[in-house]
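Comments concern the structure below.
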Amino acid sequence: MSGPEHAAPGAAHRAGVVALLGRPNAGKSTLLNRLLGQKLAIVTAKPQTTRSRILGVLTLPGAQLLLLDTPGLHDASRPLNKALNAIAEEVADDCDVALLLVDPRAPWDAGHEALRQRLSRRRTPLLVVATKADLGAQASANAELAISAETGAGIGALLARLVALLPESPPHYDAETVTDRTVRFLAAEEIREAIFEELEEEVPYAIAVEIDSFDESRADGVRIRATLWVERDSQKGIVLGQGGRKIKAIGQRARLAIAKLLDAPAHLSLWVKVDPRWSKKPKRLQALGYF
């Protein structure tokens, strides 16, 4: 057999950065997790869950793909949203291969075309892929492949195409590396996922998670203390919930996810604080891992 999982004898090794780009909810994080065979990026039904670039390292015989999940490109007005777009644009400008994911239920729009032209000017290899093939929607005429990250349909063909587009290069990471993100960052992401799952409407978008302490020295498991930053007192009340029920539900969901992530018992303490300008402070955003 030939293909990315079975490199031809004597073939040159290929490696490079593959940018996962697209609109919010196009399926970028779900695809990253499918390609890695494990959960790295958080996924929720709400759009614009991803707030930073997340590296996933996929090492195959003869190739290594540095997969960069990015925030969904969208119309931006708030400082945080502008920062998220800047992250995606920076990754697009610096990648070796651009993978533009398109939800077939949404039309090809001016944003997709602008990104395609930007990549064309930089002569970046581009592969346009329709996601969510399991939903049965008609793929865009601009898509070269149709895949389903949920079922795995088309993933083998996608990998073969990506490897063929990568430049010849030795590996950038050892074979055991899956990401360059710390477990503290990944734990904070699991808390954010729990927030998105437990809270309604716009409130999750106004919340940031900061890990205050991460103690792995105890024999009874990892002890984590985290602050949930909100912008208004009214949001603090929503996060806490009547009698503290909502913050308890968030903590329980996050604790289970973190324990699975760490493969160890996790003890989690959550605190809610108000900072009206957390999303407008570049240094705060940088400290939270958004750059």
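The values are calculated or read from the model by the stated rules, or taken from the named source; none is laboratory data. Computed from a prediction, not measured in an experiment: that's the story for all the values here. All Cβ positions, even for glycine, are placed from backbone atoms using ideal geometry, and neighbour counts span all protein chains on display. Just so you know, the surface numbers come from the protein's heavy atoms only, side chains and all, with ligands and any DNA or RNA stripped out. Shrake-Rupley method; radii C 1.70, N 1.55, O 1.52, S 1.80 Å.
Structure above, values below:
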read-out	value
Loop trypsin sites (Lys or Arg not before Pro), segment 129-223, which have at most 13 other Cβ atoms in a 10 Å radius of their Cβ (DSSP)	R218
Average accessible surface area per residue within the chain, 1.4 Å rolling probe, Å²	48
Value of [θ]222 nm, deg cm²/dmol, for the chain, DSSP H segments ≥ 4, -39500 (n - 2.57) each, nearest 500	-10000 deg cm²/dmol
For a label point 7 Å along the Cα-to-beta-carbon line of L256, residues of segment 21-64 with backbone N under 20 Å	38-46
Structure-derived Cα extents along the principal axes in Å: which label, when the choices are (1) 71, 43, 40; (2) 54, 41, 36; (3) 61, 47, 37	(3)
Residue among A19, L36, W271 farthest towards the positive dipole end of the chain, charges placed on Cβ	W271
Heavy-atom accessible surface of the chain: percent carbon and sulfur, 1.4 Å	51
Residue of E113, E201, E150 that the Gaussian network model of the chain assigns the largest fluctuation, springs spanning Cα pairs under 10 Å	E201
Stretchable slack from K273 to D174, in nm (0.36 nm times residue separation minus alpha-carbon distance)	31.6 nm
Test item: Cα-centred dipole of the chain, Lys/Arg +1 and Asp/Glu -1 on Cβ, debye	760
Sites Q117 and A219, calculated FRET efficiency, Cβ-Cβ separation with R0 41 Å, nearest 0.05	0.10
Extension gain from A106 to T227, taking 0.36 nm per residue of separation minus the Cα-Cα distance	39.9 nm
Separation in nanometres of the label points that stand 7 Å from Cα toward Cβ, at T182 and D93	2.7
Calculated FRET value between E201 and A12, using beta carbons and R₀ = 41 Å, to 0.05	0.20
Reachable lysines, given that their alpha-carbon falls under 21 Å from the alpha-carbon of K273 and they are not under 8 places away in the same chain	K236, K246, K248, K281, K283
